[in-house]
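Engineer: Let me begin by handing over the structure; questions about it come next.
The values are calculated or read from the model by the stated rules, or taken from the named source; none is laboratory data. None of the values given here were measured: they were computed from a predicted structure. Here Cβ is always computed from backbone atoms with ideal geometry, including for glycine, and neighbour counts include all displayed protein chains.
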Amino acid sequence: MTGDDQRFRVMRVDALGDADWTRWGDLAAHSLEPNGWLDVPMLRAAAAWPEMAGDLLAAIVERDGAMDALLVLTQRRMRRLPLTLMTTEGRYMTWHADRHHPLVRADRPQALGALLEGLAASGLGHLVDITMLPTEGPLADALAGLESDGSIAVARLETVSSTWALAA
(Lines give C-alpha, C1' and ligand atoms only; values in the text may rest on other atoms or scores of the structure.)
Protein backbone atom coordinates (compact mmCIF):
# COMPACT_ATOMS: atom_id res chain seq x y z
CA MET A 1 0.00 0.00 0.00
CA THR A 2 1.04 3.56 -0.41
CA GLY A 3 1.37 6.34 2.07
CA ASP A 4 -0.33 6.26 5.44
CA ASP A 5 0.12 2.65 6.54
CA GLN A 6 -2.85 1.29 4.62
CA ARG A 7 -2.95 -2.44 4.27
CA PHE A 8 -4.84 -4.49 1.66
CA ARG A 9 -5.94 -8.07 2.20
CA VAL A 10 -8.43 -10.54 0.78
CA MET A 11 -10.14 -13.13 2.97
CA ARG A 12 -12.92 -15.60 2.57
CA VAL A 13 -16.02 -14.08 4.16
CA ASP A 14 -16.63 -17.27 6.12
CA ALA A 15 -13.12 -16.98 7.67
CA LEU A 16 -13.58 -13.50 9.13
CA GLY A 17 -13.31 -13.23 12.91
CA ASP A 18 -15.44 -11.32 15.37
CA ALA A 19 -13.08 -8.32 15.31
CA ASP A 20 -13.36 -8.17 11.51
CA TRP A 21 -17.16 -8.21 11.70
CA THR A 22 -17.10 -5.41 14.30
CA ARG A 23 -14.82 -3.26 12.14
CA TRP A 24 -16.97 -4.07 9.07
CA GLY A 25 -20.04 -2.84 10.97
CA ASP A 26 -18.26 0.41 11.83
CA LEU A 27 -17.34 0.91 8.16
CA ALA A 28 -20.93 0.25 7.07
CA ALA A 29 -22.19 2.83 9.58
CA HIS A 30 -19.74 5.47 8.28
CA SER A 31 -19.65 4.72 4.57
CA LEU A 32 -19.60 7.23 1.74
CA GLU A 33 -22.45 5.41 -0.01
CA PRO A 34 -24.47 3.07 2.23
CA ASN A 35 -25.11 -0.45 0.98
CA GLY A 36 -27.60 -2.39 3.09
CA TRP A 37 -26.73 -5.55 1.20
CA LEU A 38 -23.23 -5.35 2.71
CA ASP A 39 -24.39 -4.78 6.29
CA VAL A 40 -22.95 -7.21 8.79
CA PRO A 41 -26.18 -9.13 9.67
CA MET A 42 -26.84 -9.77 5.96
CA LEU A 43 -23.34 -11.02 5.11
CA ARG A 44 -22.74 -12.83 8.37
CA ALA A 45 -25.87 -14.89 7.70
CA ALA A 46 -24.63 -15.52 4.15
CA ALA A 47 -21.29 -16.76 5.45
CA ALA A 48 -23.12 -19.54 7.26
CA TRP A 49 -24.70 -20.75 3.98
CA PRO A 50 -21.80 -22.45 2.14
CA GLU A 51 -23.86 -23.74 -0.78
CA MET A 52 -24.85 -20.21 -1.70
CA ALA A 53 -22.06 -18.03 -0.33
CA GLY A 54 -19.04 -20.29 0.20
CA ASP A 55 -17.15 -18.53 -2.60
CA LEU A 56 -17.50 -14.99 -1.21
CA LEU A 57 -14.29 -13.04 -0.68
CA ALA A 58 -13.87 -9.77 1.21
CA ALA A 59 -11.29 -7.37 -0.26
CA ILE A 60 -10.37 -5.03 2.58
CA VAL A 61 -8.37 -1.81 2.93
CA GLU A 62 -7.37 -1.14 6.55
CA ARG A 63 -5.58 1.66 8.36
CA ASP A 64 -4.92 2.20 12.06
CA GLY A 65 -7.10 -0.72 13.13
CA ALA A 66 -10.12 0.38 11.09
CA MET A 67 -11.53 -0.71 7.75
CA ASP A 68 -11.48 2.08 5.18
CA ALA A 69 -12.96 0.12 2.25
CA LEU A 70 -14.47 -3.30 1.62
CA LEU A 71 -15.76 -5.07 -1.47
CA VAL A 72 -17.42 -8.48 -1.53
CA LEU A 73 -16.67 -10.47 -4.66
CA THR A 74 -16.03 -13.88 -6.14
CA GLN A 75 -13.38 -15.18 -8.49
CA ARG A 76 -14.15 -17.05 -11.70
CA ARG A 77 -12.58 -18.09 -14.98
CA MET A 78 -14.02 -16.43 -18.06
CA ARG A 79 -15.45 -18.67 -20.72
CA ARG A 80 -13.52 -18.83 -23.99
CA LEU A 81 -10.81 -16.48 -22.70
CA PRO A 82 -7.76 -17.37 -20.61
CA LEU A 83 -8.67 -14.72 -18.03
CA THR A 84 -9.76 -14.77 -14.42
CA LEU A 85 -12.48 -12.35 -13.39
CA MET A 86 -13.01 -10.87 -9.95
CA THR A 87 -16.68 -10.01 -9.85
CA THR A 88 -19.36 -8.83 -7.49
CA GLU A 89 -21.70 -11.21 -9.27
CA GLY A 90 -21.86 -14.64 -7.73
CA ARG A 91 -24.61 -16.94 -6.59
CA TYR A 92 -25.31 -15.09 -3.37
CA MET A 93 -24.88 -11.48 -4.46
CA THR A 94 -26.70 -11.90 -7.77
CA TRP A 95 -29.68 -13.64 -6.20
CA HIS A 96 -29.92 -11.65 -2.96
CA ALA A 97 -28.46 -8.16 -3.40
CA ASP A 98 -29.69 -5.16 -5.36
CA ARG A 99 -26.44 -3.24 -4.87
CA HIS A 100 -22.93 -4.65 -5.13
CA HIS A 101 -20.84 -1.48 -4.70
CA PRO A 102 -18.05 -1.31 -2.14
CA LEU A 103 -18.24 0.29 1.25
CA VAL A 104 -15.81 3.22 1.47
CA ARG A 105 -15.33 5.25 4.66
CA ALA A 106 -16.91 8.69 4.16
CA ASP A 107 -13.86 10.56 5.44
CA ARG A 108 -11.46 8.41 3.35
CA PRO A 109 -12.81 8.39 -0.25
CA GLN A 110 -9.25 7.80 -1.50
CA ALA A 111 -9.54 4.30 -0.01
CA LEU A 112 -11.52 3.38 -3.14
CA GLY A 113 -8.31 3.82 -5.13
CA ALA A 114 -6.38 1.72 -2.60
CA LEU A 115 -9.04 -0.98 -2.89
CA LEU A 116 -8.84 -1.10 -6.69
CA GLU A 117 -5.02 -0.92 -6.66
CA GLY A 118 -4.93 -3.77 -4.15
CA LEU A 119 -7.18 -5.91 -6.32
CA ALA A 120 -5.05 -5.15 -9.39
CA ALA A 121 -1.86 -6.10 -7.55
CA SER A 122 -3.36 -9.16 -5.84
CA GLY A 123 -2.97 -11.51 -8.78
CA LEU A 124 -6.49 -12.81 -8.14
CA GLY A 125 -7.73 -11.83 -11.57
CA HIS A 126 -7.20 -9.91 -14.77
CA LEU A 127 -10.40 -7.85 -14.54
CA VAL A 128 -12.56 -6.43 -11.76
CA ASP A 129 -16.30 -6.36 -12.49
CA ILE A 130 -18.36 -4.24 -10.11
CA THR A 131 -22.03 -4.53 -10.96
CA MET A 132 -24.91 -2.44 -9.65
CA LEU A 133 -22.51 0.46 -9.13
CA PRO A 134 -24.23 3.83 -8.57
CA THR A 135 -23.85 6.12 -11.58
CA GLU A 136 -24.18 9.29 -9.53
CA GLY A 137 -23.47 10.35 -5.98
CA PRO A 138 -20.36 10.35 -3.79
CA LEU A 139 -19.07 6.90 -4.76
CA ALA A 140 -19.51 7.61 -8.48
CA ASP A 141 -17.68 10.92 -7.94
CA ALA A 142 -14.78 9.15 -6.19
CA LEU A 143 -14.52 6.67 -9.08
CA ALA A 144 -14.66 9.51 -11.64
CA GLY A 145 -11.81 11.25 -9.79
CA LEU A 146 -9.66 8.11 -9.99
CA GLU A 147 -10.48 7.75 -13.66
CA SER A 148 -9.73 11.39 -14.51
CA ASP A 149 -6.35 11.41 -12.76
CA GLY A 150 -5.35 8.23 -14.61
CA SER A 151 -5.25 5.98 -11.52
CA ILE A 152 -7.48 3.34 -13.09
CA ALA A 153 -8.89 2.37 -16.46
CA VAL A 154 -12.68 2.06 -16.49
CA ALA A 155 -14.96 0.61 -19.14
CA ARG A 156 -18.69 1.05 -18.67
CA LEU A 157 -21.37 -1.15 -20.14
CA GLU A 158 -24.26 1.26 -20.44
CA THR A 159 -26.88 -1.44 -21.04
CA VAL A 160 -26.26 -2.78 -17.55
CA SER A 161 -25.12 -1.14 -14.35
CA SER A 162 -21.60 -2.54 -14.47
CA THR A 163 -18.07 -1.17 -14.34
CA TRP A 164 -14.97 -3.03 -15.52
CA ALA A 165 -11.55 -1.96 -14.36
CA LEU A 166 -8.47 -3.49 -15.93
CA ALA A 167 -5.98 -4.88 -13.47
CA ALA A 168 -2.46 -4.03 -14.52
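Engineer: Answer yes or no as to whether MET67 is assigned to a strand (DSSP E or B) and touching a residue at least 40 places away in the same chain (Cβ under 8 Å).
Structural biologist: Numbers: assigned to a strand (DSSP E or B): yes; touching a residue at least 40 places away in the same chain (Cβ under 8 Å): yes.
For MET67, the condition - assigned to a strand (DSSP E or B) and touching a residue at least 40 places away in the same chain (Cβ under 8 Å) - is met.
Engineer: Does at least one position in region 89-98 carry a residue that is β-branched (Val, Ile, Thr) and either at pLDDT below 80 or not in a strand (DSSP E or B) (or both)? Quick ask: steps written out before the conclusion?
Structural biologist: The first filter runs over region 89-98 and keeps only residues β-branched (Val, Ile, Thr), leaving 94.
Keeping just the survivors that are either at pLDDT below 80 or not in a strand (DSSP E or B) (or both) gives 94.
Yes: one or more hits.
Engineer: Which residue out of GLN75, GLN110 is among the polar types (S, T, N, Q) and either buried (at least 23 other Cβ atoms within 10 Å of the Cβ) or farther than 15 Å from ARG12 by Cα (or both)? Let's see the steps before the verdict.
Structural biologist: Values: GLN75 fails: either buried (at least 23 other Cβ atoms within 10 Å of the Cβ) or farther than 15 Å from ARG12 by Cα (or both).
None of the others qualify; the one that does is GLN110.
Engineer: Can GLU136 be described as in a loop (DSSP other than H, G, I, E, B), more than 19 Å from VAL10 (Cβ to Cβ) and charged (D, E, K, R)? Outline the logic, then answer.
Structural biologist: On the way: in a loop (DSSP other than H, G, I, E, B): yes; more than 19 Å from VAL10 (Cβ to Cβ): yes; charged (D, E, K, R): yes.
So GLU136 fits the description; yes.
Engineer: Answer yes or no: is there a residue in region 4-13 that is on the phi < 0 side of the Ramachandran plot, surrounded by fewer than 16 Cβ atoms within 10 Å (Cβ to Cβ) and polar (S, T, N, Q). Walk me through how you get there before you give the answer.
Structural biologist: Keep residues of region 4-13 that are on the phi < 0 side of the Ramachandran plot, which gives 4, 6-13.
Next, only the ones that are surrounded by fewer than 16 Cβ atoms within 10 Å (Cβ to Cβ) stay: 4, 7, 9, 11-12.
Still in the list and also polar (S, T, N, Q): none.
Scanning region 4-13 turns up no residue that is on the phi < 0 side of the Ramachandran plot, surrounded by fewer than 16 Cβ atoms within 10 Å (Cβ to Cβ) and polar (S, T, N, Q).
Condition check ((1) farther than 22 Å from THR135 by Cβ; (2) at pLDDT 80 or above) across all residues:
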| position | (1), (2) |
| --- | --- |
| LEU16 | yes, yes |
| MET42 | yes, yes |
| ASP55 | yes, yes |
| VAL72 | no, yes |
| HIS100 | no, no |
| LEU103 | no, yes |
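Engineer: Pull up region 110-151, narrow it to residues that are over 15 Å from the mean Cα position of the chain (by Cα) and among the hydrophobic types (A, V, I, L, M, F, W, C), then point me to the one that is farthest from LEU57 (Cα to Cα).
Structural biologist: Per the criteria, the residue is ALA144.
Engineer: Might you let me know whether region 130-143 holds any residue that is modelled with pLDDT under 75 and surrounded by fewer than 22 Cβ atoms within 10 Å (Cβ to Cβ)?
Structural biologist: The first filter runs over region 130-143 and keeps only residues modelled with pLDDT under 75, leaving 132.
Subsequent filtering for residues that are surrounded by fewer than 22 Cβ atoms within 10 Å (Cβ to Cβ) retains 132.
Checking region 130-143: at least one residue is modelled with pLDDT under 75 and surrounded by fewer than 22 Cβ atoms within 10 Å (Cβ to Cβ).
Engineer: Does at least one position in region 19-40 carry a residue that is assigned to a strand (DSSP E or B), within 23 Å of LEU133 (Cβ to Cβ) and touching a residue at least 12 places away in the same chain (Cβ under 8 Å)?
Structural biologist: Filtering region 19-40 down to residues assigned to a strand (DSSP E or B) leaves 31.
Now drop any that are not within 23 Å of LEU133 (Cβ to Cβ), which leaves 31.
Then keep just the ones that are touching a residue at least 12 places away in the same chain (Cβ under 8 Å); that gives 31.
There is at least one residue in region 19-40 that is assigned to a strand (DSSP E or B), within 23 Å of LEU133 (Cβ to Cβ) and touching a residue at least 12 places away in the same chain (Cβ under 8 Å).
Engineer: Looking at region 15-49, which of its residues are more than 19 Å from ALA142 (Cβ to Cβ), surrounded by 18 or more Cβ atoms within 10 Å (Cβ to Cβ) and of a type outside the set (Phe, Trp, Tyr)?
Structural biologist: Within region 15-49, LEU16, ASP20, ARG23, VAL40, LEU43, ALA46, ALA47 qualify.
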